1. Which residue is farthest from the chain's Cα centre (by Cα), if the candidates are limited to segment 98-122 and must be under 17 Å from residue 74 (Cβ atoms) and of a type outside the set (Gly, Ala, Ser)?
2. For segment 13-129, give me every one of the strands (runs of 3 or more DSSP E) that falls completely inside it and has 1 or more residues that are out of contact with any Gly (no Cβ under 6 Å at 6 or more places or on another chain), touching a residue at least 24 places away in the same chain (Cβ under 8 Å) and of a type in the set (Lys, Arg).
3. Give me a count of the residues in segment 3-12 that are among the aliphatic types (A, V, I, L, M) and either part of a helix (DSSP H, G or I) or closer than 15 Å to residue 97 by Cβ (or both).
Amino acid sequence: MAVSKSSLSAGEIIRAALTESEEVASRARKVYPVVEDTAELPYIVYRRASLEKGLVKNQRGNDTVTIEIQCYTADYTEGVELAEAVRDALDGVQIEHEGLIMRACDLADSAEDWIADAYVQSLVFNCKM
């Protein structure tokens with residue numbers, strides 16, 4: 001018997017949106033959930049950072065899920081371009097994927113860093129599920 005999916009499965013929609021984007025796919029080799037220690041640059045990692053439960057009487061409401069996405073690249077400009085492609089694929093969009101519905105997705109924050117010999121562009125999205 002299949003388990004019904006909820007906002008806990010938001011990563012599936014994010015991964016689908018990123019892998020189906022031609023701009024993202026042309027700039028990143030892979031898209032991984034949570035963490036990846038052995039990937040070849042450039043690549044993307046995403047994770048569900050938090051969930052705010054929406055309350056509706058006796059049933060699930062519209063949850064807000066915070067998704068963090070990190071773009072790892074060898075070159076700074078390449079990283080900014082990949083982050084722009086990720087933003088274009090997610091910011092302000094509505095997506096349905098295998099029964100999951102993301103009603104809204106908005107960029108909430110961003111930062112950049114240098115970690116383990118890679119430039120990292122971090123993006124934070126608030127997604128209404």
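Quick note: the coordinates plus some simple rules give every number you see, no bench work behind them. Every value quoted in this text rests on a predicted model; they were computed, and no experiment measured them. Note: ideal-geometry Cβ built from the backbone for every residue, glycine included; neighbour counts use all protein chains shown.
1. This residue is 117.
2. 43-52, 118-128
3. Residues flagged as among the aliphatic types (A, V, I, L, M) and either part of a helix (DSSP H, G or I) or closer than 15 Å to residue 97 by Cβ (or both) within segment 3-12 amount to 2.
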